[in-house]
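Worksheet for the structure shown next.
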Amino acid sequence: QVQLVESGGGLVQAGGSLRLSCAASGTIFSINHMDWYRQAPGKQRELVARIFPRGSKDYADSVKGRFTISRDGAKNTVYLQMNSLKPEDTAVYYCNAQIRTSYSAVGDDYWGQGTQVTVSS
């Protein structure tokens with residue numbers, strides 16, 4: 001009943017920028033936090049950025065000052081603006097959201113399919 005659709009990944013040169021989008025659709029009662037994760041080959045999946053309903057944000061140390069997470073509640077969409085990209089940012093990026101589908105339902109995690117971001121040197 002709920003799906004997350006991502007867009008914006010691609011190939012970019014070091015120092016460039018990309019903007020990722022993730023839109024949640026379906027039967028949605030409320031959304032708690034929305035997140036961006038990434039996973040590079042041979043490495044653990046890491047939380048890149050998280051945004052809460054009241055606007056508080058958390059970032060991984062590796063992206064602070066370069067990435068910005070934002071949220072459009074009316075569109076159930078989360079964005080990740082990525083600037084000053086480095087080859088180390090190369091990974092598959094995943095959108096995640098904790099969503100309640102009804103008043104009586106507990107929040108469940110939903111994931112996008114992932115989008116590849118490749119930064120060349």
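The values are calculated or read from the model by the stated rules, or taken from the named source; none is laboratory data. Please read all numbers here as calculations on a predicted model, not as lab measurements. Here the Cβ is made from the backbone with ideal geometry for all residues, glycine too, and neighbour counts use every protein chain on show. The area values use the complete protein model at the heavy-atom level, side chains included, leaving out ligands, DNA and RNA. Shrake-Rupley method; radii C 1.70, N 1.55, O 1.52, S 1.80 Å.
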State in Å² the accessible area per residue of the chain; use a 1.4 Å probe, count heavy atoms of protein chains only, and round to the nearest integer. 54 Å²
Alpha-carbon spread of the stretch 7-73, three principal axes, descending order, Å: 39, 24, 23
Long-range amide H partners of residue 85 with built H, under 5 Å: 15, 16
Report, to the nearest whole %, how much of the accessible area of the chain belongs to carbon and sulfur atoms, 1.4 Å probe, protein only. 45 percent
For residue 28, tell me the accessible area in Å² from a 1.4 Å probe, rounded to the nearest 10. 50 Å²
Once 108, 61 are ranked on solvent-accessible area with the largest value leading and a 1.4 Å probe, the list reads 61, 108
Taking 0.36 nm per residue of separation between residue 68 and residue 118 and subtracting their Cα-Cα distance, the length gained on full extension comes to 16.2 nm
I need the chymotrypsin sites (Phe, Trp or Tyr not before Pro) found in the stretch 70-121, filtered to DSSP loop residues with at most 12 other beta carbons within 10 Å of theirs. 103
GNM top mover of 54, 19, 71 - the chain, alpha-carbon springs below 10 Å: 54
Residue (of 47, 112, 1) at the positive-pole extreme of the chain, dipole from beta-carbon charges: 47
Taking Lys and Arg as +1 and Asp and Glu as -1, residues besides residue 49 with C-beta under 11 Å from its C-beta add up to +3
So, taking all protein chains as they sit and a 1.4 Å probe, how much accessible area belongs to residue 30, in Å² rounded to tens? 40 Å²
The summed charge of the residue 58 Cβ neighbourhood (under 14 Å; Lys/Arg +1, Asp/Glu -1) stands at +2
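At a threshold of 8 angstrom on Cα-Cα distance, excluding pairs fewer than six apart, so keeping six or more, what relative contact order does the chain reach in percent?
36 percent
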